[in-house]
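Scroll down for the structure; my scribbles are underneath it.
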Amino acid sequence: MSEITCTLGSFADVPKDLLTQIDRLEELFVVTPEKLKEITDHFVKELERGLSKEGGTIPMNPTWCMALPDGHETGTFLALDMGGTNLRVCEITLTEAAGEFDIIQSKYRLPEELKSGTADELWGYVADCLQQFIEYHHENEDLDHLPLGFTFSYPATQDYIDHGVLQRWTKGFDIDGVEGKDVVPPFEAALRERNLPIKLAALVNDTTGTMIASAYTDPTVKIGCIFGTGCNAAYMEDCGSIPKLAHMNLDPSLPLAINCEWGAFDNEHQVLPRTPYDIIVDKESPRPGQQSFEKMVAGLYLGELFRLVLLDLHQNPDCQIFEGQNISKLQKPYSLDSSFPAAIEEDPFENLSETHDLVQNKLGIAATKPELELMRRLAELIGTRAARLTACGVAAICKKKGWETCHVGADGSVFNKYPHFKVRGAQALKEILDWPADKGKGKNDPIEILPAEDGSGVGAALIAALTMKRVQQGQYAGIRDPEAMLKLCPPVKKA
Ligand code: BGC
């Protein structure tokens, strides 16, 4: 277990019963280099199974995004980002200068009630936000057909680039009547009802957007990842390696972005080291049995895992942490998000005074020093496990493709804000791929995961631009209505 460094060095003050619990947690949460390799090898097989005719557990969705940008794309596009937390509308102008763009944007809160409301409410709200944006930024202008890249960050089956049958909601969404249906017609109907001058050009996953946006400025990017509320990756495959599309007789050398939807990895529980806490998270979620990998690594679940462990230790007669304290706040599901263990890991003080105050303010619990030390170690264990497991996915894509070097564009709250996530991931890549001793530090590594450009904004705009360019060149794979798409090129602005 030498790869996990404990920042506290020793647990001298920690009573024996708590030490036993820390040992137990380490056994549950530490993923050894051998296990990482085993998971990666299984992951490679599952990526391949997802592309096969029979299909597999990981959806490996073809996205009909069929080119990487060359930096010279131009035009003005709308981008709509419906992630997990906010809704964002952007207007992006890809300028003449290579790799550059102008952007204006507005953010709207995605009300919690909407996530379990009705489909009509959802699409009505989304269209209202677009309407507000247009009215605010284009008051009294007579616009015609602004092309839109819609980043819809859920698993969707796409027969065309402007089509997407929602396979299942993830990230805690639970809206009736959307799963199994194409999300585009009700979305377009809501636009029409409001007479909005917008035409959907591309439905985009955030991972594909991230890959494309990063490739706009860095041609060595081959993978896009989101480590955020949810977790997933996209990469460029060649059509010849996608047996499930063989019937379409596409040129085998054509590139096609695959949205892996790797959150579903190991739903059959063959290889991931699940703990009793992972099992509870899954059982209590709106979609038990789905997104097994995601539930161990994504931001939505890290705070909840942390909470479940603490609650269990409180109830455990052998150690009983927080004895005599009011734990009603700790009993509330999802009362802690991933920023909670992240902040604990960031506490710079030896006596963990910031952690003490945080736990007091958030949970109303006055924790003892040994309890604080246990929480610090637990935060490290949960955060480290997430970083190491996600590295298996990145390594698996690279192994499958035979890529020994590349850049990976990454975005999401966990990647950007969870302490040490990047360097822990790099260390895991080194262990999996047997890099030399001086590698795996997160800088100048053969495979390097770097902060991405704005995938859901610029990425979505670029995918719309690339799609229109493809139609202009007469390449119609994944294009439902070439004529309608042609009308969008170039975007027309009446006086
Ligand atoms: C969704 C993916 C998305 C990921 C990151 C997952 O829950 O299924 O489509 O890319 O979250 O946002």
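Remarks
- Every residue from the range 67-108 that is touching a Pro at 6+ places or on another chain (Cβ under 6 Å) and buried (at least 21 other Cβ atoms within 10 Å of the Cβ): PHE77
- Residue within the range 184-203 that is surrounded by 24 or more Cβ atoms within 10 Å (Cβ to Cβ) and within 16 Å of the ligand (Cβ to nearest atom) present: yes
- Every condition in (1) among the charged types (D, E, K, R); (2) within 16 Å of the ligand (Cβ to nearest atom); (3) out of contact with any strand residue (DSSP E or B) (no Cβ under 6 Å at 6 or more places or on another chain) holds for GLU294 except the one numbered (3).
- Residue selected from the range 45-71 under the condition under 19 Å from the mean Cα position of the chain (by Cα) and among the aliphatic types (A, V, I, L, M), by the criterion farthest from HIS163 (Cα to Cα): LEU47
To keep it simple, each residue is scored yes or no on (1) within 18 Å of ALA234 (Cα to Cα); (2) outside any loop (DSSP other than H, G, I, E, B); (3) in contact (Cβ under 8 Å) with a residue 40 or more places away in the chain.
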position: VAL414; (1), (2), (3): yes, yes, yes
position: PRO436; (1), (2), (3): no, no, no
position: LYS439; (1), (2), (3): no, no, no
position: ASN444; (1), (2), (3): no, no, no
position: ILE449; (1), (2), (3): yes, yes, yes
position: MET485; (1), (2), (3): no, yes, yes
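- Candidate set from the range 133-172 (those that are in a helix (DSSP H, G or I) and without any contact (Cβ under 8 Å) to a residue 40 or more places away in the chain); member that is farthest from the ligand (Cβ to nearest atom): GLU135
- Residue that is surrounded by the most Cβ atoms within 10 Å (Cβ to Cβ), among those in the range 246-268 that are within 13 Å of the ligand (Cβ to nearest atom) and assigned to a loop (DSSP other than H, G, I, E, B): PHE265
- Subset of the range 246-274 (residues that are aliphatic (A, V, I, L, M) and in contact with a helix residue (DSSP H, G or I) (Cβ under 6 Å, 6 or more places away or on another chain)): LEU250, LEU254, LEU256, ALA257, VAL271
- Any hit, the range 357-374, residues being acidic (Asp, Glu) and without any contact (Cβ under 8 Å) to a residue 60 or more places away in the chain: yes
Quick note: the coordinates plus some simple rules give every number you see, no bench work behind them. Just so we're clear, the structure is a prediction, and the values are computed from it rather than from any experiment. For neighbour counting, all protein chains shown are included, and Cβ atoms are generated from backbone atoms with ideal geometry for every residue, glycine included.
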